[in-house]
1. Along its three principal axes, how long is region 36-88 when you only count alpha carbons? Whole Å, largest extent first please.
2. Under the rule of at least 5 residues apart or a separate chain, name every residue whose amide H is placed under 5 Å from the amide H of Ile225.
3. Mind putting a number on the dipole of the chain about its Cα centre? Charges go on the C-beta only, +1 for Lys and Arg and -1 for Asp and Glu, and I need it in Debye to the nearest 20.
4. Once you have the Kirkwood Rh of the chain from its Cα pairs, apply Stokes-Einstein at 10 °C and 1.306 mPa s and quote D in µm²/s.
5. In whole angstrom, how far apart do the alpha carbon centroids of region 79-150 and region 162-211 sit?
6. Explain nothing, just the number: relative contact order of region 60-103, from Cα pairs under 8 Å at least 6 residues apart, as a whole percent.
7. Please express the Cα-Cα pair-distance distribution P(r) of region 49-167 as a list of whole percents, one per 5 Å bin, running from 0 to the bin with the greatest distance.
8. I need Ile311, Ile197 ordered by Cβ neighbour count within 10 Å, fewest first.
Amino acid sequence: MKLLVTGASGFLGKYVVAEALKQGFQVRAVIRHISDEKRLPWRNFANLELIRIDLTQSEKLEDALKDIDTVVHLAAAKQGNYDTQYANTVTATENLLKAMVTENIKRLVAISTFSVFDYLHIPAREIIDEDSPIESQPTHRDVYAQTKLIQESLFRDFEQRNQGEVTIIRPGIVYGRNNLWNAHLGINFKNRLWIRIGGNAQLPLTYVENCAQAIVNSCICQEAIGKTLNIVDNNLPTQKVYTEKIFQLLPHQPSTIGINWAAMGWLSRSAWLFNNLLLLGKIKLPGILVPARLDARFKPFRYSNNKAQQILNWQPKYSLDEALKRSCSDVDLLSDTAKTRS
């Protein structure tokens, strides 16, 4: 089977390509024109074809899809203004799906995100699973959540209009080497000052190698077609437990200011109401003072990966401690993975 993987030079994409090669797939990896291919350890792998395409432009996309069996679509923008993220997430997806229709490619493994859930209206401590409600007021969320919600609607439209064989994968917080910090821990000022909000909320973590394996498994799983699957690891830690572990890996621990979750929630809702009722929403509030954004990061929930384990025959290979050890090792994990099949 031959896969086309978009976003192949990204943090998760690099591991998805490595896992696909490990499992014996032929891979056509799509990277941006500005990507440094010398940083991709698997670039010279025998079953790997590397191509440079700007997905925001429709040129060459149909050629890139020739002889492809399954598309794994990871490409998206996490930063930038609305126009930048819309172009690199929504427009890029529109162009890819149009080319897939032209080339009559049905099978799509589409990578979404936990950011699409309606955290504001889901009660605290409830289990987040595939049936949890999707965000009903996207304009109250950040640009990343807004554009990923649009992207999910494009996936579903492709499935319905073109008899697409679509699996939507929603990873939680993907972590690994050089990517251990996440916004659910609070606000980190250059590792000097950490404003901690709450501490007992469970983190929906998935170690990058565990997540990559789930994504690649879905490419050959017929039962996954038509399904949406949440990907998180087992035995998820709280904010407090996780930060204690990663702080042990830092040369210098930042100063810490702790803010109670309930107090932060009250402050956020008060600021939001004051701004909207008395100031007619004229002030642009920071994210932690927008209740929908605050809840998306810090509200305490529980998370389930039961559906992914059952359908994909997948079990997260690495525990938290093992994953952190691998993340801090001197071994090039991507290069090491590629060598297993070279």
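1. Result for region 36-88: principal-axis Cα extents of 39, 27, 18 Å.
2. Here nothing satisfies the definition.
3. Details: 41 positive and 34 negative charges, 185 e Å.
Once rounded to the nearest 20, the dipole reads 880 debye.
4. The diffusion coefficient I find is 76 µm²/s.
5. Result: 16 Å between the Cα centres.
6. Relative contact order of region 60-103: 51 percent.
7. 2, 11, 20, 21, 19, 13, 8, 4, 2, 0
8. Ile311, Ile197
Since every read-out is calculated from the coordinates, none of them should be taken as a lab result. Nothing here was measured: the structure is a model prediction, and the numbers come from that model. In this analysis, Cβ positions are derived from the backbone assuming ideal geometry, glycine residues included, and neighbour counts consider all displayed protein chains.
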